[in-house]
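Everything below concerns the one structure shown next.
The values are calculated or read from the model by the stated rules, or taken from the named source; none is laboratory data. Not measured: the values here are computed from a predicted model. Cβ placement follows ideal geometry from the backbone for every residue including glycine, while neighbour counts extend to all protein chains displayed. Accessible surface is based on the protein model in full, side chains and every heavy atom, while ligands, DNA and RNA are left aside. Shrake-Rupley method; radii C 1.70, N 1.55, O 1.52, S 1.80 Å.
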Amino acid sequence: MIGAIFFINQKAEVVISRFYTDDVRRSDVGQFRVEVVQKKNHTAPVRRFGETDFIYIQHRNLCVVASSVSNTNVLMVYQFLYSLVRLFESYFGGIFDENSILNNFVLIYELLDEVLDFGLPQNTQPEVLKLYITQSSIKSDLAKNLTDPTSITVQATGAISWRKSNIVYKKNEVYIDVIEHVNLIVSQRGNILETDVKGEIVIRALLSGVPECRIALNDKIGIDIEKSQEQSKTSVRGILIDDCTFHQCVRLGKFETDRSITFVPPDGQFQLLSYRVTDNIEHPFKVRAIIREIGRSRIELDIKVKSTYPTTFTGQNVILTIPMPDNTAIAKLSATTGKAKYKPEDTAISWKIRKFPGNSESRL
């Protein structure tokens, strides 16, 4: 539960505040302003003064602070603070700073009363709040064309608050991208110390009305739901996904029964799913580096990169970044494939290979 919200400027002055409970002591707030904001001591994201915990983020010339006396979910508070900043940016034309607060006191107080109910976060979606909290210059397109007042309640409290019902496109299109990042730590002897894959499914939906979409996962993909059961990892054949996070539009009930993702997509681009894989990872490349010291001011690098994927695949726009010593002045480069260039501003060599066939090797 959040006890109070503060917006503090660079002079450690409270620009605007809103108290939701009476257990936050103003003396603790004053100590936070002096010890953290005035002294610019931002070493820890969460600070405690007296009996009050202060969770804060930095945005432009403001320090956005949430205080609580009770045992609060810190990650939930952080997500709320960032959502609150995005909400104000949406209202004030993409810019939210001290001047925005001074020019919109009344509107900000209305929004603070709406997004928190006795310290509990509520709806922070700009398009929904703009339906009934507006000013003459701030009004959503849906609110301008609204003819039935009851539709405001449907958008504000209904199950599909992330999508408007009157969207029309001449041509219905859906674009799906699967983006994965492979993280790998290797010892000097070439042994793999730690590896994981972080991925996300990004969708750009240009659909009319309120459509229902369905995506079926491959049978080789399993979701590790119960971490305590070690046998579950060995019983699943194929790829085992950990830490799965869905967008709020996904109907989780259907996913648990048939492993299909059913959802009513928001308009435009959004992240449908994020996940992490830690087992049975096949690395796309193997890198071997040999470093030789020549005298006191020169080194020689011999770097070989081999693709481990089949020959039926081809890597596109492969970039290798090789860090160099800080005192590097000149680098003479020779690559068997692609182009290599030393970038002094990054103190690194950038080796770009436009096409990297499967089961092939390149050398620098």
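Of note:
- Taking only protein heavy atoms and a 1.4 Å probe, the accessible area of the chain is 48% carbon and sulfur.
- Residue among 190, 215, 175 farthest towards the positive dipole end of the chain, charges placed on Cβ: 190
- Accessible surface computed residue by residue for segment 232-364, with neighbouring protein chains in place and a 1.4 Å probe, gives 67 Å² per residue.
- Stretching residue 58 away from residue 122 to a fully extended chain increases their span by 20.8 nm, per 0.36 nm per residue minus the current alpha-carbon distance.
- Residues whose placed amide H lies under 5 Å from that of residue 279, excluding near-sequence neighbours: 240
- Computed from point charges on the beta carbon alone (+1 for Lys and Arg, -1 for Asp and Glu), the dipole magnitude for the chain about its Cα centre is near 1720 Debye.
- Three-way shape label, segment 253-364, alpha-carbon gyration tensor, a/c 1.5: prolate
- Near residue 283: Cβ cut-off under 14 Å, other residues only, Lys/Arg at +1 and Asp/Glu at -1. The net charge is -2.
- Estimated D of segment 1-99 in µm² per second, where Rh is the Kirkwood radius over Cα pairs and Stokes-Einstein applies at 20 °C, 1.002 mPa s: 158 µm²/s
- Note on residue 346: accessible area approximately 100 square angstrom, rounded to 10, probe 1.4 Å, nucleic acids and ligands left out.
- Taking a straight Cα-Cα cut-off under 12 Å and skipping sequence neighbours fewer than 8 places away in the same chain, the aspartates and glutamates within cross-link reach of residue 306 are 361.
- If the chain linking residue 189 and residue 82 were pulled fully straight, counting 0.36 nm for each residue of separation and taking away their Cα-Cα distance, it would gain 34.2 nm.
- Ratio Rg/Rh, restricted to segment 294-345 and using Cα atoms, in which Rh is the Kirkwood radius: 1.04
- Summed residue charge, Cβ within 12 Å of residue 2's Cβ, Lys/Arg positive, Asp/Glu negative: -2
- Placing a label point 7 Å from the Cα of residue 27 along the Cα-to-Cβ line, the residues of segment 36-54 whose backbone N sits under 20 Å from it are 36-37, 47-54.
- Divide the volume of the convex hull around the Cα atoms of segment 317-359 by the residue count and you get 72 Å³ per residue.
- Most mobile listed residue (101, 192, 281) in the chain, GNM with C-alpha springs under 10 Å: 192
- Lys/Arg +1, Asp/Glu -1 at C-beta; the chain dipole; positive extreme among 319, 59, 84: 319
- Helix 74-91 axis, angle to the chain major axis (alpha carbon atoms, nearest 10°): 70 degrees
- Heavy atoms of residue 355 accessible to a 1.4 Å probe, total area in Å² rounded to 10: 120 Å²
- Counting only the Cα atoms, the chain fills a convex hull of 234 Å³ per residue.
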